[in-house]
Structures are given as C-alpha cells and as structure tokens.
Amino acid sequence: MSATSAIEARGLTRHFRDVTAVDALDLTVGGPGVFGFLGANGAGKTTAIRMLAGLIHPSAGSIKLLGRPVEKAEVSVRERLGYLPQEPAFYSWMTGEEYLLHTGDLFGLSRKESRARSAELLDLCGLEPAAKRRVGGYSGGMKQRLGIAQALINRPELLLLDEPVSALDPVGRAEVLELIEKLGKEATVFMSSHILVDVERVCEEVAIIDHGKLLVHERTAALRSRALRPVLTCELRGDTGKIERLLAAESWVEAVNSEPGREEPDMTVFRLTVTDRTEAEVRIPRLIAEAGVGLVSLSPALPSLEEVFIALVGRSQKESREEES
Ligand SMILES: Nc1ncnc2c1ncn2[C@@H]1O[C@H](COP(=O)(O)OP(=O)(O)OP(=O)(O)O)[C@@H](O)[C@H]1O
Ligand SMILES: [Mg+2]
C-alpha cells in the first residue's frame with residue numbers, strides 16, 4: 001500500500017429529499033489493487049461513486065482522492081481518474097473507435113496520441129472487430145467494454161467502475177474480470193457490484209454498504225471465513241413442520257429458511273446456513289429420517305449476499321448486546 005490513499009471519504013452523506021442514500025460513510029482505500037464495493041440494490045453504491053467521481057455534491061462530509069481534497073484540486077485530480085457509469089450513455093451514431101477518439105479529445109490528448117491509445121484500448125477490451133461499427137448496434141456487453149475502454153483513455157491512477165460486469169455473459173464476465181485484475185496491478189480499481197462471487201474473484205478487499213451505511217470493510221479472505229458460512233439446499237417431500245423445528249434446534253445450524261417447492265405441491269425447499277458442513281452432511285439425513293419425511297436432494301449452494309448481510313448484521317447486533325451485558 002502506498003503512503004497516500006487513493007480514496008479517503010469522511011462522513012460522506014447524500015440525501016435525496018427524504019431518502020438518505022449515503023449515510024456518514026467513512027472509507028479509506030489504499031492501492032494499487034482491486035477494491036470491491038458491495039451492497040444490495042438501492043444500498044447507495046452508485047450515489048457514493050458519483051460523489052467520488054465529482055458528478056454530484058455530497059450533502060455532508062469530505063473526499064480526498066489520491067491525497068488531494070476534491071473541492072480544492074478538482075481539475076488536476078479529475079485528470080487522474082477514470083469512471084465507468086452504471087449505465088454508460090453513448091452517441092449511438094458514433095463508431096466505437098470514434099467514441100474513444102472523442103474521449104481522447106475531451107482529455108486533451110493529441111490526435112496522434114488519441115489514435116494510438118484508442119487502438120490499444122480496443123484491443124485490450126476485445127472490441128477490435130467492432131471498432132468501425134456504430135455503437136447503436138452494440139450489445140449490452142460490448143457497450144460495457146467500451147465504457148471501460150473510455151474510462152482508461154487517460155491511464156488513470158484511480159478507476160471508479162460502477163457495476164462493470166453486470167451486463168456481461170459468463171465468458172465476457174470472466175474476461176473483463178481478468179482485465180480488471182490486470183489493471184489493478186498498477187492502478188487502484190474501485191468497483192461496485194451486487195454479485196459476491198465476482199468480487200470474491202478479483203478483489204483483495206471489500207466494503208459492504210447497507211442503507212447507505214458501511215457494514216463491513218475488510219480483506220476478502222477474512223470476510224469469507226468470517227461471514228460466508230456454508231449453505232446447503234435441501235428438498236424434502238411431506239409434512240416438514242417437525243424437521244424445521246428439529247433443524248433449528250441443532251447447534252451447527254445458523255439459519256433455516258424454507259419455501260414451497262416450485263415444481264411439485266408437496267415439496268419444500270430448505271436453505272440452511274451451517275457452521276460445520278461435514279457435521280451437517282452427516283446429521284441432516286439422520287434428522288430427516290427421524291422426522292419421517294422424504295429426502296429428494298441435498299446440495300451445496302452459494303451463500304447470497306443477503307445471507308452474508310443477515311449473518312453480519314445478526315452477529316454485530318449479538319456482539320453489541322453481549323458487550324452491553
Ligand atoms: N437522483 C435521485 N433522486 C432520488 N433518489 C435517488 C436518486 N439517486 C438515488 N436515489 C435513491 O438513493 C438510494 C440509493 O440508490 P443507489 O442508486 O445509490 O443504489 P445502488 O446501491 O447503486 O443500487 P443498484 O444496485 O440498484 O445500482 C435509493 O433509495 C435510490 O432510490
Ligand atoms: Mg447502482
């Protein structure tokens with residue numbers, strides 16, 4: 001980590017009439033590296049990123065980027081930033097190449113520099129074959145790549161990417177994540193997402209926000225072991241009231257959620273968050289046999305971000321209760 005932080009937000013707040021989209025957010029991001037900014041829909045990610053990018057003013061709080069307070073050094077800092085909006089808007093009549101040249105002009109690059117940089121970025125973002133096609137005919141994924149390419153035109157030291165992979169198919173996603181990882185070797189990449197697995201793959205550190213407030217900020221590996229309890233999905237047939245009570249009473253079960261099976265009327269699907277997967281795999285079939293219900297399937301599942309939230313919020317409330325008593 002370098003001596004100056006790439007991002008330093010203190011008490012960052014933004015209200016929209018009666019909605020507090022970002023609520024007293026304190027966040028320090030070092031660099032270089034890839035930093036994940038997670039939260040559910042409406043958590044406040046875009047609002048926070050737009051404040052960092054200087055597109056909207058905070059209602060309160062301060063921001064330093066690359067060691068400079070933004071209000072004092074707005075222009076010089078802006079030149080060292082790259083920004084990808086969640087829904088990039090393009091002139092649909094321009095070709096991808098023309099769009100990048102135009103962006104180069106905006107950053108004051110010479111035509112020669114602009115041409116060289118555009119060619120390099122078209123190649124880097126896998127848009128070479130579509131360079132001479134009009135952006136209006138690009139797919140969602142191609143637009144997202146072009147958005148990343150334009151954000152890189154000025155070789156930014158800090159790259160703010162708002163949902164850079166959400167419109168991409170699995171192959172495109174893997175490619176763009178790989179590109180982001182590469183960019184993170186030299187620059188600080190701050191990327192938002194509500195898809196935990198993407199963030200887990202490339203981000204060394206993550207911050208999670210919920211209702212505009214910072215819930216957690218830590219290294220991905222630590223978060224994974226602390227918050228990502230294994231989840232098992234279990235499909236059962238029959239009267240499942242008793243098994244639900246039996247499962248909830250087990251010490252290795254942290255949470256039980258159930259919903260009716262979609263395909264057949266007498267099925268119930270349980271999602272179990274467990275602390276010990278080995279124990280769960282041995283004990284669940286036994287408990288099911290005891291309860292006299294049919295086991296249709298038992299399989300591991302990925303914990304959803306929501307389950308991470310619930311686990312974290314639940315635990316932090318429990319911890320604060322314990323501290324009080
Ligand atoms: N321009 C605006 N006017 C009014 N309310 C807004 C505006 N922008 C955002 N909000 C509100 O602020 C909250 C946070 O929205 P924001 O777009 O920052 O969330 P997000 O985390 O980016 O969500 P998503 O994952 O859906 O992109 C929401 O309640 C939203 O309705
Ligand atoms: Mg958003």
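Only one of (1) within 16 Å of ligand 2 (Cβ to nearest atom); (2) among the acidic types (Asp, Glu); (3) touching a residue at least 12 places away in the same chain (Cβ under 8 Å) fails for Asp26. Which number is that?
Asp26 satisfies every listed condition except (1).
Of the residues that sit in the stretch 264-279 and are buried (at least 18 other Cβ atoms within 10 Å of the Cβ) and among the polar types (S, T, N, Q), which one is nearest to Val293 (Cα to Cα)?
The residue in question is Thr268.
Go through (1) farther than 24 Å from Cys203 by Cα; (2) buried (at least 16 other Cβ atoms within 10 Å of the Cβ) one by one and return the number of the condition Glu71 breaks.
The single condition Glu71 does not satisfy is (2).
For a quick check of your reading: which helices (runs of 4 or more DSSP H) sit entirely within the stretch 42-115 and have at least 1 residues that are within 16 Å of Leu159 (Cα to Cα) and within 16 Å of ligand 2 (Cβ to nearest atom)?
Correct list: 45-52.
Looking at Gly212, Gly184, Gly172, can you tell me which residue is assigned by TED's automatic domain parsing to the domain that holds Thr28, on the phi > 0 side of the Ramachandran plot and small (Gly, Ala, Ser)?
Gly212
Tell me whether the stretch 243-266 contains one or more residues that are polar (S, T, N, Q), in contact with a Ser or Thr (Cβ under 7 Å, 6 or more places away or on another chain) and modelled with pLDDT of 90 or more. Reasoning before the result, please.
Here is the first cut: in the stretch 243-266, the ones polar (S, T, N, Q) are 251, 257-258.
Going one step further and asking which of them are in contact with a Ser or Thr (Cβ under 7 Å, 6 or more places away or on another chain), we end up with 258.
If we keep only those that are modelled with pLDDT of 90 or more as well, we get none.
No, because not a single residue in the stretch 243-266 is polar (S, T, N, Q), in contact with a Ser or Thr (Cβ under 7 Å, 6 or more places away or on another chain) and modelled with pLDDT of 90 or more.
Can you tell me which residue is farthest from Cys203 (Cα to Cα) among those in the stretch 223-275 that are touching a residue at least 60 places away in the same chain (Cβ under 8 Å) and of a type in the set (Val, Ile, Thr)?
Here the answer is Thr233.
Going by the conditions given, is Gly61 buried (at least 20 other Cβ atoms within 10 Å of the Cβ), of a type in the set (Gly, Ala, Ser), over 17 Å from Ala151 (Cβ atoms) and within 16 Å of ligand 1 (Cβ to nearest atom)?
no
Pick out the one residue from Ala289, Ala222 that is surrounded by fewer than 14 Cβ atoms within 10 Å (Cβ to Cβ) and in the same structural domain as Leu25 (by TED's automatic domain parsing).
Just one listed residue meets the conditions, Ala222.
Listed residues Pro164, Pro156; which is within 16 Å of ligand 1 (Cβ to nearest atom), modelled with pLDDT of 90 or more, under 22 Å from the mean Cα position of the chain (by Cα) and not basic (Lys, Arg)?
The conditions single out Pro164.
Out of Asp123, Asp162, report the one residue that is of a type in the set (D, E, K, R) and either touching a Lys or Arg at 6+ places or on another chain (Cβ under 8 Å) or outside the structural domain of Phe90 (by TED's automatic domain parsing) (or both).
When all the criteria are applied, what remains is Asp162.
For the stretch 161-196, which positions are among the charged types (D, E, K, R), surrounded by fewer than 19 Cβ atoms within 10 Å (Cβ to Cβ) and in a helix (DSSP H, G or I)?
Just the residues of the stretch 161-196 that are among the charged types (D, E, K, R), to begin with: 162-163, 169, 173, 175, 178, 181-182, 185-186.
Within this subset, residues satisfying the condition of being surrounded by fewer than 19 Cβ atoms within 10 Å (Cβ to Cβ) are 169, 175, 178, 181-182, 185-186.
Within the stretch 161-196, Glu175, Glu178, Glu181, Lys182 meet the criteria.
The values are calculated or read from the model by the stated rules, or taken from the named source; none is laboratory data. From a predicted model like this one, the values you see are computed outputs, not experimental measurements. We place every Cβ from the backbone using ideal geometry, glycine too, and count neighbours over all the protein chains shown.
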